[in-house]
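To start, the structure itself, in structure tokens.
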Amino acid sequence: MASVGLLAVTPSAVAFPATTSANPAARVRDLCDQHTAPGEMACLAEARTGIARHLSLAPNAAPSGYGPSQLQSAYNLASAAASSGSGQTVALVDAYDDPNAESDLGVYRSQFGLPACTTANGCFSKVNENGQASPLPSPAPASDDWTGEESLDVDMVSAVCPNCHILLVEANSESNDDLGTAVNAAVAKGAKFVSNSYGGSESSSDSTYDTEYYDHPGVAVTASAGDSGYGAEYPAASQYVTAVGGTSLSTASNARGWTESVWSTSSSEGTGSGCSADDPKPSWQTDTGCSKRTIADVSAVADPATGVAVYDTYNNNGGWNVYGGTSASSPIIASV
């Protein structure tokens, strides 16, 4: 990994609290308000609580949670991360503005020895839902903290594809129409990989949303499957996206060096999955378990008990955190 300058932190050096996926009582909080109205989405990021959070770390200290070297090791991406991604853009669609997105990203990348990704060097850009640099939407309120979601998103792109450019598209609100407009803006600006770490209830309008916002041939559009256990959410239910579920990921003494299983803390906390009630089954799905769209398609780490390191300072988020939810797995897969 020296070729890309990653901090040499072995998986065993990752500092997790005593509560792990083997002890499902991990304390977590939703970053975003989950009580959405019809036509609204909620971000799907979850934060570990009861962990010491630091604005800075002692030299060579490792933040809690998995960093780039662990994620690249777990998914056999070290070689690809070192050699691929230049000239490619991963877009991240979120609601509201994160005023600290670029500065927080800089701290994350510096901590792990990743090359700088800034507006000045052309690697990072932040636009509104119409693809313009201004005006940006209002900042997210602390009670509905999409800024933590945005930090999680940009950090996961950095971890998995450190050579990729990052396009953060901020919608005016969490309505499906504003977020969908932002998806279209991301594609219009040339992104071939678009991650959506949000979800909401299915509705009879989903087929219309499919056509208006998520049908982009030649573009990999990913969507989080949800964090509330069994049950379909939109836009993961769209026939035009890759629905991304979540796993628990731990080190192991096997050939891979890792063990991974479905994230299922309880009946109401774990990866989303299930059968869509509205979206038709894509032609490439041949299972008999669902008469319509089956969720999910692929998965990556999402269990907050085996979560990822994220640097996030807005809304008093304290700097280094351990975040999870399928909000983590969607940008990971888009970046893969």
Report every pair of residues separated by at least 6 positions or lying on different chains whose Cβ atoms are under 8 Å apart, first residue within the stretch 308-332 and farther than 16 Å from Val28 by Cβ, second open to solvent by less than 10 Å² (accessible area, probe 1.4 Å) and of a type in the set (Phe, Trp, Tyr). Tyr311/Tyr108
On the given criteria, is Val127 β-branched (Val, Ile, Thr), more than 23 Å from Ala309 (Cα to Cα) and touching a helix residue (DSSP H, G or I) at 6+ places or on another chain (Cβ under 9 Å)? yes
Among the residues of the stretch 277-314, write down those that are open to solvent by 30 Å² or more (accessible area, probe 1.4 Å) and either under 13 Å from the mean Cα position of the chain (by Cα) or under 16 Å from Gly148 (Cα atoms) (or both). Ser299, Thr313, Tyr314
Would you check which residues across the stretch 254-265 are open to solvent by 20 Å² or more (accessible area, probe 1.4 Å) and assigned to a strand (DSSP E or B) and list them? Thr259, Glu260, Ser261, Val262, Ser264, Thr265
Tell me, please, whether a residue that is open to solvent by less than 40 Å² (accessible area, probe 1.4 Å) and under 23 Å from Met41 (Cβ atoms) can be found in the stretch 109-125. no
Out of the residues in the stretch 182-196 that are outside any loop (DSSP other than H, G, I, E, B) and open to solvent by 40 Å² or more (accessible area, probe 1.4 Å), which is nearest to Gly85 (Cα to Cα)? Phe193
Under 9 Å between Cβ atoms, at least 6 apart or on separate chains: pull out the pairs that start in the stretch 211-234 with a residue that is free of Cβ contacts under 8 Å to residues at least 24 places away in the same chain and end on any residue that is surrounded by fewer than 24 Cβ atoms within 10 Å (Cβ to Cβ) and not acidic (Asp, Glu). Thr211/Tyr240; Pro217/Tyr240
Taking the criterion of being of a type in the set (A, V, I, L, M) and either closer than 30 Å to Pro99 by Cβ or buried (at least 23 other Cβ atoms within 10 Å of the Cβ) (or both), would at least one residue in the stretch 315-325 satisfy it? yes
Considering (1) part of a loop (DSSP other than H, G, I, E, B); (2) under 22 Å from Tyr214 (Cα atoms), say which one Gly122 fails and leave the rest. (2)
What strands (runs of 3 or more DSSP E) completely inside the stretch 268-336 contain at least 1 residues that are out of contact with any helix residue (DSSP H, G or I) (no Cβ under 9 Å at 6 or more places or on another chain) and modelled with pLDDT of 95 or more? 269-275
Considering the stretch 315-336, residues that are within 14 Å of the chain's Cα centre (by Cα) and polar (S, T, N, Q), and then whichever is farthest from Ala140 (Cα to Cα), we arrive at Ser335
Subset tally (residues that are of a type in the set (Gly, Ala, Ser) and in contact with a helix residue (DSSP H, G or I) (Cβ under 6 Å, 6 or more places away or on another chain)) for the stretch 130-157: 4
Cβ pairs under 7 Å, 6+ apart, first in the stretch 78-104 and farther than 17 Å from Pro68 by Cα, second among the hydroxyl-bearing types (Ser, Thr, Tyr) and open to solvent by 50 Å² or more (accessible area, probe 1.4 Å): Tyr96/Ser138; Asp97/Ser138; Asp98/Tyr314; Pro99/Tyr314; Asn100/Tyr314; Glu102/Thr119
Would you mention how many residues in the stretch 158-174 are closer than 19 Å to Tyr198 by Cα and either aliphatic (A, V, I, L, M) or open to solvent by 40 Å² or more (accessible area, probe 1.4 Å) (or both)? 6
In the stretch 79-91, anything outside any loop (DSSP other than H, G, I, E, B), open to solvent by 30 Å² or more (accessible area, probe 1.4 Å) and not β-branched (Val, Ile, Thr) is listed as Ser79, Ala80, Ala82, Ser83
Candidates Asp177, Asp155, Asp144, filtered to the one that is surrounded by fewer than 24 Cβ atoms within 10 Å (Cβ to Cβ), among the acidic types (Asp, Glu) and closer than 22 Å to Ala220 by Cα: Asp177
How many residues are closer than 15 Å to Leu92 by Cβ and of a type in the set (Phe, Trp, Tyr) when one looks only at the stretch 184-220? 2
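The values are calculated or read from the model by the stated rules, or taken from the named source; none is laboratory data. Source: prediction; values computed, not measured. Every residue, glycine as well, gets a Cβ built from its backbone with ideal geometry; the counts of neighbours run over all protein chains shown. The accessibility values were calculated without ligands, DNA or RNA, using every heavy atom of the protein model including side chains. Shrake-Rupley method; radii C 1.70, N 1.55, O 1.52, S 1.80 Å.
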